[in-house]
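The values are calculated or read from the model by the stated rules, or taken from the named source; none is laboratory data. Keep in mind that this is a model prediction, so the values were computed, not measured. Neighbour counts run over all protein chains shown; Cβ positions are idealised from the backbone, glycine included.
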């Protein structure tokens, strides 16, 4: 497990340290998550969830810093990877001021490149829309694991990186759906889940309007 986030400074997107975690979750919609290497892959982020610090009972940082969540406390722009229920890996973008925990869970991406490699990692997926329509699915398809914990998502040397949208892929605020987070048992009613309304790659529908 890498400890890059504990000692380096991510500098690719200063706004990640300047805005609240909910705003960061909104702004990351439309960005591209890319994995380099022998089989390069990428996907456009279409669904996110925001997890705050010690005032968020559903956050891994609710009880303060630990060996597991230490990267959540900054600096911003690093990758927090954890295993959900001992089964699936989940990828998060650290955000907020250093010393204050915050992370955006990437819940779904629209596959862009490297689909053959994604199919190879997720042979049971029935359709392209199923490849990355969930936090565990996208990590499986892209090969993201705890090996990538603490990577600087904006460093050219990192195997996992984030890239901003261009004019044609930028998400307009009117296209953003807002709902409550899923798969949790605490603070379930907070409107901290965000998705691109026109996307067919969402992990599940947004049944509740905010």
Residue, modelled with the lowest pLDDT, within the stretch 1-24, restricted to residues that are under 15 Å from residue 164 (Cβ atoms) and in contact with a strand residue (DSSP E or B) (Cβ under 6 Å, 6 or more places away or on another chain) | 10
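When the stretch 11-25 is examined, which residues are found to be touching a helix residue (DSSP H, G or I) at 6+ places or on another chain (Cβ under 8 Å) and either in a loop (DSSP other than H, G, I, E, B) or crowded, with 19+ Cβ neighbours inside 10 Å (or both)? Walk me through how you get there before you give the answer.
Residues of the stretch 11-25 touching a helix residue (DSSP H, G or I) at 6+ places or on another chain (Cβ under 8 Å): 15-16, 19, 24.
Listed by number, the residues that qualify are 16, 19, 24.
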Which one is nearest to the chain's Cα centre (by Cα), of the residues in the stretch 37-57 that are surrounded by 19 or more Cβ atoms within 10 Å (Cβ to Cβ) and in a loop (DSSP other than H, G, I, E, B)?
-> 52
